[in-house]
């Protein structure tokens, strides 16, 4: 049986990227995906749809807020915005991530030497 | 957390999500189209980049679900939708289940009420009884042989004195006493009324752990010599008779001529140690036995065995340990009483004397004795009916699985896992089962009303809403749902194969197996019911040894009228003279008891010239009768003469015995002219046996007759007898009013307890086997109908699946009769297999009801042959209908089919 989706990202990575993106400015789902794809220079292969379960999780945990509105292209969109809890969570996650990345990098570097 | 709020805003959240996903796709398509793609290409690209939208939306929704309960609720909603889509299917299934579960609930309700209810007392599990036999009255014998199920007051006191194993031992008279009640202040207009009293030891309430609703219950201080006469009353008597009078305590009341003071009302719901029937109205201390019973004192009599006892085990002591200790003390006590110069016969009796303690949790229940076997039979039957219903429903589910494979395939594609699908299917089955259970409760309620009408005279409080019953129904429903749902669910979830294109295997084999099971079970049930029916016919047709037609029975109680013992003989004569002169009366007599009244007395006896085997308990049933007894009941006199007017208090004592007596003690020799000491010792003169009469059945019409002796009522001075038997020339009930009037003309104080015709009473003794016979027949027929419907369904399904094949056959020249034979042949094969297995099952299972059968062997060939014929005929008919449809298949239509 085929796996329902390829997970190129580690757990929580997508959420972190969403939060980071939303920190810059509130956005709706489609714009979020495009932004993440663009900024990663298409390096990250994410199924566009997989964003939505992640957004639901963030909504449920109260890290983001959503509101329906009208976009600049005059389209009905649901815009997501970071909450105070979301900012705190992001900071913690980013510092955790950086520490982990540092560790991983060191191990990888040591392996080469 | 705010998950409760989320639960309610869920719908909003979901619609936001799906709208958002739609908008996303539209925006992407618009952008791609703007970039130069065709709208078709753009739609495809947008969907590809997005991924499986249905699955993603589902995952998005799942985020909001907090637990398994919700997915279960979702499954339930889905199941409801499924059922609403197929209301016909749902109704058939629910009705089948309602029938199966309803019958189980109905019978269990009665089982619960009659067999499983503990006494409403403190820790009933700690209680033990000397005897749980519901028969009232004591044993007799000097000394008693074998097991003592009643004891004398003296023995009871010795147990109390040497008690080691019990927290307390309380004695009570085994049986109630009729009370003539006089209220000094006019509580009602009537002067005197009747009530029920029970003699109990002072610690009775303490041992049972029952308190008072008002005032106090009896205590140890009330049961000592020279105590003030006091009584406790039951809660029912207090509310019904005294209208819950708050001043009832301290009130004086005259009971059987002795002034008692009411000290209190027992706790509500307490009815004594006897289950079924009302609570006694009065509880009275044992010390007042002579006053209450209006006879000589039994407190000092060592040969009156009139007490049963209930005892509460000390913590950690088992019933067996207590019994062992008690028996040692018991024999020591008997030896010390008998002294060193006891005769060898007495010494032997003491050696064999023993006491058996029985669990006291459920008290003493006439109903349990009476209904235990039939209820077990009925419970077994309804469990089998439920099995048939389950098989039926499983078959319906299987036949639907073909239709549902498409739906399952869609769900599999949408990403559902196998476990999830099985859960979904089981939810549907459970929903059906619970619906069936609910409908079953309604059906059960109705059935219990019907059953209740028959056993209500025994005061069974059977309600389907009892917690035990509801739990039972729920458990049965869930088990049923799992039983019939699991196999189809597992099969359906294997539909993965079907996705690959195959149409899926036909479940025919399994379905046919289930049909054979159904026929097997129905066949077994019918065989059992047939045996019970034949047994009932035998019972009703048998010769009872007396002629029941045109006999009227009137019960009175001279003791309650305050008649003195020395006036009894005159009273009896007056009554008989009076009644005999009535027009329409052929003969009249008086006896201690009449046949089928539920009463009997057994006494020990010594027969001149008969030497008992070692350990033989020489006993006979005994009845005290007035002249014309055998003539009135039409019991044939075979030798000698009946008891007549010539037998007076001063003439030599006489007895008449029955054939069983002759066979047992005289081995076929003529007993007339022999002497016997019947129910008394050799200090007083023996009775001369003057006549031999036919065997008459007094208690259980299904049991073989026992030795029976009749003595002259006039020769037992001071004996209170109250059963007046009257043979009439016409309809006995027409004479009822006149006979009643005649008795009251003799003494207006004589209470008339009951007036009944003998045919009616005899019919009533068959109520129980008739009830069981009817119900088991009804249940078995229902099972057979279910099986036939099931067979019809399966054959119809089989025909439908083979329409094409049948078309081909017909196109190739098969005739309609060939097709008929093909289908009916298949049905017949199933029927014969079922009948064969059914015969085998019935042969082994009917042995279980052998004790309930009368003059029918458990393997009665007539019953088995008849039942096999019925089963095969019904199943043939059930497969004939689909066969006819198959024969009507138009080959052209069939070949174009699909």
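For this structure, a couple of remarks:
- Rounded to 10°, Cα long-axis angle of helix A:51-60 versus longest principal axis of chain A: 80 degrees
- Listed by Cβ neighbour count within 10 Å, with the fewest neighbours leading, B:613, B:449 appear as B:613, B:449.
- Fewest-first ranking of B:667, B:182, using other Cβ atoms within 10 Å as the exposure measure: B:667, B:182
- Relative pair counts by distance (%), Cα atoms of the protein assembly as shown, 20 Å bins: 10, 27, 26, 19, 12, 5, 0
- Relative contact order computed over chain B (Cα-Cα under 8 Å; 6+ residues apart), in percent: 15 percent
- Mean ellipticity per residue at 222 nm, deg cm²/dmol - from DSSP H runs of n ≥ 4 across the protein assembly as shown, formula -39500 (n - 2.57): -17000 deg cm²/dmol
- The Rg/Rh ratio for chain B, using Cα coordinates for both the radius of gyration and the Kirkwood hydrodynamic radius, is 1.11.
- The range A:13-107: relative contact order as a whole-number percent, Cα under 8 Å and 6+ apart: 32 percent
- For the range B:529-653: rounded, prolate or oblate by the Cα gyration tensor [a/c cutoff 1.5]: oblate
- Sorted by Cβ density within 10 Å, fewest first, the residues B:161, B:695: B:161, B:695
- Translational diffusion of the range A:13-107, µm² s⁻¹ [Kirkwood Rh, Cα pairs; Stokes-Einstein; 10 °C; 1.306 mPa s]: 113 µm²/s
- For the range B:254-319 versus the range B:384-446, the gap between their alpha-carbon centres in whole angstrom: 57 Å
- With respect to chain B, whose longest principal axis is taken over its alpha-carbon atoms, helix B:319-338 is tilted by about 10°.
- Acute angle (nearest 10 degrees) that the helix B:3-34 long axis makes with the longest principal axis of chain B, alpha-carbon atoms: 10 degrees
- Modelled this way, with points 7 Å down the Cα-to-C-beta line, the labels at residue B:122 and residue B:44 are 8.7 nm from one another.
- The range B:199-320 shape via C-alpha gyration tensor axes, a/c threshold 1.5: oblate
The numbers here are math on the coordinates, done by the rules we state, and not lab data. Please read all numbers here as calculations on a predicted model, not as lab measurements. A quick note on method: Cβ atoms are made from the backbone with ideal geometry, for glycine too, and the neighbour counts reach across all protein chains shown.
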